[in-house]
Amino acid sequence: MSKRDAQILELLTSEKKIEVSALAEHFGVSTVTMRKDLDSLQTRGLALREHGFALLSNPNDVAGRLAYHYEEKLRIAKRAAESVSDGATIMIESGSCCALLARELADTHQGVTIITNSVFISTYVRDSPNITTVLLGGTVQSDSQVTVGPLLRSCVKSFAIERLFIGADGWLDGIGFTNGDQFRAEAVLAMAESAAQVVVLTESEKFHQYGAVPLRFENKPIHLVTDAGISAADRRKVKKLGIHIALA
């Protein structure tokens with residue numbers, strides 16, 4: 001993704017809907033060039049172009065969520081990718097930061113095997129010869145594009161890996177990270193049972209959001225990769241629970 005593409009997404013994140021002509025003027029390019037940029041973003045499911053306007057894709061879809069704070073999420077993904085060696089086998093749950101991690105590994109690593117319950121991630125990196133993807137079975141949730149349920153829990157027992165990378169929908173003081181969906185939360189906890197440690201990839205703003213289902217990992221080591229915008233107070237809360245923090 002070009003620098004201008006990323007800047008277009010940041011503008012759309014804040015403005016929601018902008019005239020194509022206004023975008024072209026802002027970036028000092030022709031409307032033809034701007035339409036080409038938007039068509040490229042639309043092909044990737046990140047933006048929409050309609051009736052002379054540009055707007056973000058469906059925020060309830062994984063591809064749409066990628067566009068929200070894209071640069072922050074990409075930095076988080078790149079930081080997390082530093083902990084993965086060539087030839088490693090890892091597990092990745094759904095989420096926009098997790099999808100960008102998978103893409104980063106596909107673009108910069110060799111021989112990585114990704115075990116995932118994300119249908120989106122499995123297709124997002126399907127063009128890469130550097131990645132082998134194992135898609136866990138289960139019932140597919142259409143919006144989140146993940147597999148959940150009893151079959152997922154059965155499938156994941158076949159593996160024992162070092163790291164599970166997950167996203168988070170929010171934070172609960174004294175408890176830890178939370179998920180907004182019970183079935184997705186159950187899938188995450190089942191996947192965590194087969195991992196030596198859990199790595200949470202999330203933006204710092206999630207510490208001021210709430211998910212209804214706590215992610216209790218018992219005594220499992222937890223690492224957090226987040227952006228530098230995390231407050232000192234939130235850092236103290238994280239460290240109080242014994243969670244290691246890495247900033248992107």
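Summary of values
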{"item": "Efficiency of FRET between Glu25 and Ala212 - r from beta-carbon atoms, R0 35 angstrom, step 0.05", "result": "0.20"}
{"item": "Full-extension gain in nm, Lys239 to Ser194, via 0.36 nm per residue minus C-alpha separation", "result": "13.8 nm"}
{"item": "Cβ crowding within 10 Å averaged over residues, with 14-26, 136-148 ranked highest first", "result": "136-148, 14-26"}
{"item": "DSSP beta bridge pairing in the chain, given as percent antiparallel to the nearest 5", "result": "40 percent"}
{"item": "Where region 109-225 is the region considered: accessible area per residue in Å², 1.4 Å probe", "result": "44 Å²"}
{"item": "Count of Lys pairs (Cα-Cα under 22 Å; at least 8 positions apart or interchain) in the chain", "result": "22"}
{"item": "Peptides ranked, highest mean first, by Cβ atoms within 10 Å: ranges 202-210, 123-131", "result": "202-210, 123-131"}
{"item": "Other-chain or far-sequence residues with amide H under 5 Å of Ala88's (modelled H)", "result": "Thr113"}
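The values are calculated or read from the model by the stated rules, or taken from the named source; none is laboratory data. Quick caveat: nothing in here was measured; it's all calculated off a predicted structure. Cβ coordinates were reconstructed from backbone atoms using ideal geometry, including for glycine residues, and neighbour counts include every protein chain displayed. All accessible areas refer to the heavy atoms of the entire protein, side chains included, with ligands and DNA or RNA removed. Shrake-Rupley method; radii C 1.70, N 1.55, O 1.52, S 1.80 Å.
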